[in-house]
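J.: So that we are looking at the same thing, I have put the structure below in structure tokens.
Read-outs: derived from the displayed coordinates by stated rules, not from any lab. Keep in mind it's a predicted model, so treat the numbers as computed, not measured. No Cβ is skipped: glycine too gets one built from the backbone with ideal geometry, and neighbour counts run over all protein chains shown.
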Amino acid sequence: MVIIGMTNSSINLVFHHGLTLPHEHVTSLVRPCARFNLNYATTWGVTSSSKAQRLKEYKQLVRNSSISCEIVIASDEKYGNKQVVSLTPRLYDYVLENVREPEILRQLRAETASMHGSQMQVSPDQAQLLAMLVQILGAERCIEVGVYTGYSSLAIALVLPESGRLVACERDAKSLDVAKKYYQLAGVAHKVDVKLGLAADSLESLIMNGEAGSYDFAFIDAEKRMTEKYFEMLLQLVRIGGLIVIDNVLWHGKVADPLVNKWLHIFSLFPVK
């Protein structure tokens, strides 16, 4: 089992169960996708002196660029003090302009933008990442917990084989109606098994139906206080060697704040009823 925690710009957490992947390989997967590595000059196939000159020119180009970016140095030496680029608005706009977004997804994104809670929709780059993971895995049976208007589930359904199945769990009927409309427009409605209601009930029903270990891929993007419960249930439903993706794991970076973590610990001991 591989569990990936996803944020807006990168894959952030990777845990392996039943695999023998060395730790140093795991940490290389954890680094942000928007990496900045001046050693790329080695791929130019030039002599050392020429490489040094081109590297100098490249650094000068970066310094003079109108697109400013913040260089962050990792504080932990065990990660090699790697330089990374933080994702600025202009850089993110560039990413979005170059995402391969099918027209039907573009239309859905435009309609969702005018709806209440539109910030809950995954971004085009996230949806492309999810679709790519499904394709790499060769997944045929998937689960999504938290559909909203269906942007991510539609991206997944579009890359599933004709015989594929996506169980889409959503409790809000109004947003789900939008999702179902676009499943029809995209010609993938036959692949999507819509479950209107509490996701925990839908997942429990799948387990009781004898479907444990029969799914290849799952994506959690729903009520955050329920994430742990959804995760435990999906561990039963997703097969060994499958993939579980969890959104919003860093929660705007607040997971690194000891005060926030202390408050969350207290809240878990004395929850508000």
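J.: Going by Cα centres, segment 225-245 and segment 154-180 are how many Å apart?
T.: Their Cα centres are 18 Å away from one another.
J.: If we count every other residue with Cβ under 11 angstrom of Gly213's Cβ, Lys/Arg +1 and Asp/Glu -1, where does the sum land?
T.: Residues near Gly213 contribute 0 overall.
J.: Okay, next question. Which ³J(HN,Hα) values in Hz, rounded to whole numbers, follow from the phi angles of segment 212-226 under the Karplus curve 6.51 cos²θ - 1.76 cosθ + 1.60, where θ = phi - 60° and Gly and Pro get x?
T.: Once rounded to whole Hz, the list reads 4, x, 10, 10, 9, 8, 9, 10, 9, 8, 9, 3, 5, 5, 9.
J.: What are the ³J(HN,Hα) couplings of segment 171-188, residue after residue, when phi is run through the Karplus curve with 6.51, -1.76, 1.60 and θ = phi - 60°? Round to Hz, x for glycine and proline.
T.: Values, residue by residue: 9, 9, 5, 5, 5, 5, 4, 5, 4, 5, 4, 6, 4, 5, 4, 7, x, 10 Hz.
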